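Below is one structure, written out as structure tokens, with a few remarks after it.
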Amino acid sequence: MIKIRNLTKSFNGRKILDGLNLDIEQSKITVIIGRSGEGKSVLIKHIIGLLKPDSGTIKLDGVDIASLKERELNEIRKRFGMLFQSGALFDSMNVAENVGFVLKEHTGLQDADIEKIVREKLVRVGLKGVELMATDELSGGMKKRVGLARAIVMDPEIVLFDEPTTGLDPIMSDSIADLVLDTQKALNTTYVLITHDIPFTYKIADKIAMLHEGRIIASGTVEEMKNSTDPVVRQFLEGRAEGPIKVY
Amino acid sequence: MFKDTLERLGLYAQKSINSIGLMMMMLANAAMLCFTPPVKVRNMFKQMEFVGIQSLFVVVLTGAFTGMVLALQGYNALKRFGAESMVGPTVALSMARELGPVLTGLMVTGRAGSAMATELGTMRVTEQIDALSTMGINPVKYLVVPRIVAGILMFPLLTVITDFVGVIGGYLVGVKLLGINSGVYIGRTVDFVTIDDIAMGLYKSLVFGLIMTLVACYNGFYTTGGAEGVGRAATTSVVTASVMILISDYLLSSILG
Ligand SMILES: Nc1ncnc2c1ncn2[C@@H]1O[C@H](COP(=O)(O)OP(=O)(O)OP(=O)(O)O)[C@@H](O)[C@H]1O
Ligand SMILES: [Mg+2]
């Protein structure tokens, strides 16, 4: 459903993405892995049109995202839900207003109905009774979960999660994995996730793609990646400091 | 050395022209979005309260003391020609044509302009503006338009208040303190001040409101460089907007006569 071809992006003369190709299939869970600073967040921001590529195309159902005007882009973005790595919660709003914001802006729903959906989604990410809290009263993991609830509040077709389990305890991580699997089954949601959480990845991924030096160097199912002979993939999945990837 | 300076000057000019271009584009964009539904009435009221209501205290204080000092100085100067009766019109005309709009503009810029740039700048560096975009909401429409509209509407209103308080301050000093005859003071003021004088000040303040909000929104919206960048955006906004207000005041004075 999303086809990325020859995507190139530089910042201040430094090439971050260098001719990247990736296919994201409909109703599947695609997990992007790769070292810190390799450009995973940059990649995901291209998919939703926040960043414009220097060259290359990102096609969603055959339409090139990069060529769209603001207005058309805004229509397409209503099909997406996104969790930012930083959370990006609106600090002028409380938790409930944050989660219910898109509903209020894009649907004609009554406040009472919005409240109900918000409560439901918050419970889904393990939060109860936090509706009226200000965002700066939340812990890091709570912020992340409010961000998750906000991303899925409209039951979007395509969900982009940038490190959904970072900062969560292992039990909560597993419960987020269940949430991803459940919504994918029930609503046929397409997921693109970035994560460093290997158990989480193994549990949910239909496809794992590894970003390294500006390209996807390997991709495949969990089994395929586990059995990969590529030394870079092996080193990453096994989490070893020694190998072809140098830490220093 | 000379070449270096020249180069830096060139670079600075280039950057300035660049940002003026971007600012004009933001204004054009905002003007267009202003009339495309849905209109963000709630956001507008919130900003009008922030720019207007919350500036009342500053503006009243500014108006009162400016009017008072004008009366005092005007009296000292006019007494030499035996023209004490002209203190009233002097105060009122200065307030309405110049000091009302300009001082209101500068005070509100200091108060609300820096806060506006800081708020938008923080939203930019914490990706809140990007988050709005990903939700299919135009951030210029949601954030910039209400602020500019609030500036354009509230600056003239605040200026009226400054003018009014200034005239009262002048009256108190002139009549109660310096002993000018009350009837003469009021009579002369009414004789000399026309609607055009007041209107001129209000046109000016409308422009100042646009300048302040546009500059603050622009600097906040395009903030880069984390917390330091946010601070820079606030400072730049206040300095740029204040200078632009003073320059445009001169231009408007010469155009509007
Ligand atoms: N707006 C930007 N301006 C300049 N450089 C940027 C910008 N965004 C990202 N970069 C650079 O691009 C590189 C990739 O950043 P990115 O955030 O995509 O990494 P990442 O793979 O998500 O890492 P992490 O796992 O730590 O989140 C970094 O070196 C960063 O410095
Ligand atoms: Mg990242």
**Request:** Report, as an integer, the average count of C-beta atoms from other chains found within 10 Å of each Cβ along B:221-234.
**Result:** 0
**Prompt:** If you count, for every residue in A:70-80, the Cβ atoms of partner chains within 10 Å of its Cβ, what is the mean?
**Reply:** 3
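For chain A, what is the accessible area per residue in Å² when the probe is 1.4 Å?
Working: 11420 Å² over 248 residues.
Ligands and nucleic acids excluded, the result is 46 Å² per residue.
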**Item:** Accessible surface, the range B:21-68, averaged per residue in Å² (probe 1.4 Å)
**Value:** 60 Å²
**Message:** Spelling out what I want: for every residue of the range B:223-230, take phi, set θ = phi - 60°, compute 6.51 cos²θ - 1.76 cosθ + 1.60 (Karplus), and round to whole Hz; glycine and proline get x.
**Reply:** 5, 10, x, x, 4, 4, x, 5
**Message:** List the aspartates and glutamates whose Cα sits under 15 Å from the Cα of B:LYS204, skipping any in the same chain fewer than 8 residues away.
**Reply:** B:GLU98, B:ASP163, B:ASP196, B:ASP249
**Prompt:** Tell me which lysines have Cα within less than 21 Å of A:LYS9's Cα, excluding those fewer than 8 residues away on the same chain?
**Reply:** A:LYS40, A:LYS45, A:LYS52, A:LYS59, A:LYS69
**Prompt:** Any idea how far the Cα center of the range B:40-112 sits from the one of the range A:1-23, in Å?
**Reply:** 57 Å
**Complete:** The helix A:170-187 Cα axis meets the longest alpha-carbon principal axis of chain A at an angle in degrees, between 0 and 90 and rounded to 10, of 80 degrees
**Asked** In whole Hz, what ³J(HN,Hα) sequence does the range B:59-75 give by Karplus (6.51, -1.76, 1.60; θ = phi - 60°), x for Gly and Pro?
**Response** 5, 5, 4, 4, x, 4, 6, 5, x, 5, 6, 4, 5, 4, 5, x, 4
**Asked** Using a cut-off of 17 Å between alpha-carbon atoms, which lysines can reach A:LYS104, once sequence neighbours fewer than 8 places away in the same chain are excluded?
**Response** A:LYS78, A:LYS116, A:LYS121, B:LYS40, B:LYS141
**Asked** When only C-alpha pairs under 8 Å and at least 6 residues apart count, what is the relative contact order of chain B, in percent?
**Response** 31 percent
**Asked** Just for the protein assembly as shown, what percent of DSSP beta bridges are antiparallel, to the closest 5?
**Response** 55 percent
**Asked** Which percent of the accessible heavy-atom area of chain A goes to carbon and sulfur, probe 1.4 angstrom?
**Response** 49 percent
**Asked** Using θ = phi - 60° and the Karplus curve 6.51 cos²θ - 1.76 cosθ + 1.60, what whole-Hz ³J(HN,Hα) does each residue of the range B:16-26 get, with Gly and Pro shown as x?
**Response** 5, 4, 4, 6, 5, x, 4, 5, 5, 5, 5
**Item:** Contact order relative to length of chain A, as percent, for alpha carbon pairs under 8 angstrom and 6 or more apart
**Value:** 25 percent
**Fill in**
In whole percent, the fraction of accessible protein surface over the range B:49-256 that belongs to carbon or sulfur atoms, probe radius 1.4 Å, stands at 71 percent
**Prompt:** How much accessible area is lost when chains A and B come together, counting both sides, with a 1.4 Å probe, in Å² rounded to the nearest 100?
**Reply:** 1600 Å²
**Asked** What's the angle, to the nearest 10 degrees (0 to 90), between helix A:95-106's Cα axis and the longest principal axis of chain A?
**Response** 90 degrees
**Asked** Once you wrap a convex hull around the alpha carbon atoms of the range B:49-256, what is its projected area averaged over all directions, in nm²?
**Response** 12.4 nm²
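The values are calculated or read from the model by the stated rules, or taken from the named source; none is laboratory data. Predicted model, so just to flag it, every value in this text is computed and none were measured. Quick reminder, even Gly has a Cβ in these numbers, built from the backbone with ideal geometry, and neighbours come from all protein chains shown. Ligands, DNA and RNA are stripped out before the accessible areas are found, and what is left, the full protein with its side chains, is counted by its heavy atoms. Shrake-Rupley method; radii C 1.70, N 1.55, O 1.52, S 1.80 Å.
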